[in-house]
1. Using just the helices of the chain, give the 222 nm mean residue ellipticity in deg cm²/dmol: DSSP H runs with n ≥ 4 each add -39,500 (n - 2.57), and the total is spread over all residues, rounded to 500.
2. Work out Dmax and Rg for region 84-124 from the C-alpha atoms and quote the Rg first, both in angstrom.
3. With springs only between Cα atoms under 10 Å apart, run a GNM on the chain and tell me which of 102, 57, 148 wobbles the most.
4. What are the principal axis extents of the Cα atoms in region 34-125, in Å, biggest first?
5. In percent, how large is the relative contact order of region 22-174, given Cα pairs closer than 8 Å and 6 or more residues apart?
6. How large is the convex hull of the Cα atoms of region 110-178 per residue, expressed in Å³ as a whole number?
7. For the chain, find the longest principal axis of its Cα atoms and tell me its angle to the long axis of helix 2-15, 0 to 90°, nearest 10.
8. Could you tell me what % of all Cα pairs in the chain have separations over 25 Å?
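Here, each number is a calculation from the coordinates, and none is a lab measurement. What you see is a predicted model; the values in this text were computed from it and never measured. As a convention, Cβ positions derive from the backbone with ideal geometry for all residues, glycine included, and neighbour counts pool all protein chains shown.
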């Protein structure tokens, strides 16, 4: 009989006084984090690695030389935009994507832990609100990081698409076509 009472009281005390509104809000944040992780999975890092390799091995110096010698404003803008995208946006995508995935996985684990603690009534009311606000801010920051990565990816893609025009300007400037790995 004592074992049955201990089990019943033990089970009742584990339920706690969870906040169902906060739990639903955390579930919503978890879904958002999962969506962001799925979005990041669509970034083809091998394509950006190819862009980076092509730029760094065969085009960077030719573009820098062209920029020093180009007096035509339209050409300078085209080549400068291409250079900036390959020199800055591509590395940001390559370095930022794994970092964002790690950040999102950490957010996801923190949210799961917080959900467990709230669901089981393990946190005092004031702490619960503070922890929830902190995790909500972390998810917002991760969301901004993902949006920035996608903007950088779009910039790199659009500038990669005009590389034939940049190549023709390099060829006209140097008299030789840049090597393509």
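1. -27500 deg cm²/dmol
2. Calculated on Cα positions, Rg and Dmax stand at 17.0, 52 Å.
3. Maximum fluctuation in the GNM of the chain, among the listed residues, is at 57.
4. The Cα atoms of region 34-125 stretch 69, 26, 17 Å along their principal axes.
5. After rounding, I find 41 percent.
6. Numbers: hull volume 6.4 nm³, N = 69.
Convex hull of Cα atoms, per residue: 93 Å³.
7. Orientation of helix 2-15: about 40 degrees from the principal axis.
8. Numbers: 8882 of 16290 pairs.
Of all Cα-Cα distances in the chain, 55 percent exceed 25 Å.
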